[in-house]
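Student: Pasting in a structure now, in structure tokens, and then I'll have a few things to ask.
The values are calculated or read from the model by the stated rules, or taken from the named source; none is laboratory data. Computed from a prediction, not measured in an experiment: that's the story for all the values here. In this analysis, Cβ positions are derived from the backbone assuming ideal geometry, glycine residues included, and neighbour counts consider all displayed protein chains. Quick note on the areas: whole protein, heavy atoms, side chains included, nothing else; ligands and nucleic acids left out. Shrake-Rupley method; radii C 1.70, N 1.55, O 1.52, S 1.80 Å.
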Amino acid sequence: MVNTPAIAFQILQSVFVVLAAPLLLGWANQCRAWLQNRSAPSILLPYYTLAKLFHKDAVIARNASAVFRVTPYVVFGCMWLAAGIVPVLATDLPFAPAADIIALVGVFALARVFSALAAMDIGTAFGGLGARREMLIGFLAEPAMLMILFTASFISGSTQLNTIVETLAHREFAIYPSLAFAAVAFLMVLLAENARIPIDNPTTHLELTMIHEAMILEYSARHLALIEWAVAIKLFAYMTIGIALFLPWGIAEAGDWGALPLAFAALAAKLALAGAGLALIETLLAKLRLFLAPEFLSTAFLLGVLGMLTHFLTRG
């Protein structure tokens, strides 16, 4: 039997994450400018940038294959899928069974593989350089992410985010020391996976330091717009995954329209704090040398393992 309220919730959430992602990115950029005593850009600047890019004509290299042309759509679709199935506003939605933590890591990995293949497709030096660096970061970040997610799954007894959120948010309050290690590790993985300082600088074009930017230098117009939009959605997805794991309180249950305003307010407050926190981290920290990135992500992996061990030792 079709559950109309739940389907409506799912559609609302999927549309919301796509439309709100650039706003979160604009908020983080604005906070960083304030903290650095610079004139802050408009919080709506990412929307203006996307609109400008969509109105331009795309320039594509003659030797570009189908992989290069289809990658922006694949990456955008993967990020939308990941953000759309995470419990953002409500739990027990129709797509909730798809929000398996291992499947989510696989979706992010699929987008990374396509991005790396597209970067190498044209044959430029920057594209190959960025692809190799991106795969290095992914190779180190994905195991750490799995350890973090496994810690939460052991607590809830399930690998589905929906069950994890219900365990932590809709049952009696409990303190889990293991989640403290997992939370620090997750923050480190979030910074690395979203090309943020100290691993990467999203605003740089220096060939010795850039990772993500090196892979998209050949894109323009609508293709570049989709990739930039996907970057914002990915940041939104990671932050909402962190909220689902460590701050799930306030999320509504499917079909409970009365709890929706509270869920919106709680999510907005959490994302505002997360965006400001990201800006603070990027202001206080300096970019690491690329050769120190493995040490950074190895530390995240060890913290994730410590979280699991703490859970088994303390059962919490």
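Student: Taking the residues in segment 2-11 that are touching a residue at least 40 places away in the same chain (Cβ under 8 Å) and open to solvent by 20 Å² or more (accessible area, probe 1.4 Å) as candidates, determine which candidate is farthest from Glu228 (Cα to Cα). Full working, then the answer.
Tutor: Going residue by residue through segment 2-11, those that are touching a residue at least 40 places away in the same chain (Cβ under 8 Å) are 3, 5-7, 9-10.
Keeping just the survivors that are open to solvent by 20 Å² or more (accessible area, probe 1.4 Å) gives 3, 5, 7.
Details: Asn3: 35, Pro5: 32, Ile7: 28 Å.
Among residues in segment 2-11 that are touching a residue at least 40 places away in the same chain (Cβ under 8 Å) and open to solvent by 20 Å² or more (accessible area, probe 1.4 Å), the one farthest from Glu228 (Cα to Cα) is Asn3.
Student: Something else about it: Using beta carbons and a limit of 7 Å, which pairs, at least six apart or on different chains, have the first residue in segment 283-312 and touching a residue at least 24 places away in the same chain (Cβ under 8 Å) and the second one open to solvent by 80 Å² or more (accessible area, probe 1.4 Å) and aromatic (Phe, Trp, Tyr)?
Tutor: Listed pairs, sorted by first residue: Met308/Phe154; His311/Phe154.
Student: So the check is Cβ under 7 Å with 6+ separation or different chains; which pairs have a first residue in segment 106-132 that's among the acidic types (Asp, Glu) and a second one that's open to solvent by less than 10 Å² (accessible area, probe 1.4 Å)?
Tutor: Asp121/Phe68
Student: Could you name every one of the helices (runs of 4 or more DSSP H) located completely within segment 12-124 that has at least 1 residues being over 19 Å from Leu224 (Cα atoms) and open to solvent by less than 20 Å² (accessible area, probe 1.4 Å)? Spell out the reasoning first.
Tutor: Details: elements: 45-54, 66-85, 101-121.
Per the criteria, 66-85, 101-121.
Student: Which residues, taken from segment 133-156, are farther than 21 Å from Arg196 by Cβ and either β-branched (Val, Ile, Thr) or in contact (Cβ under 8 Å) with a residue 24 or more places away in the chain (or both)?
Tutor: Phe150, Thr151, Ala152, Ser153, Phe154, Ile155
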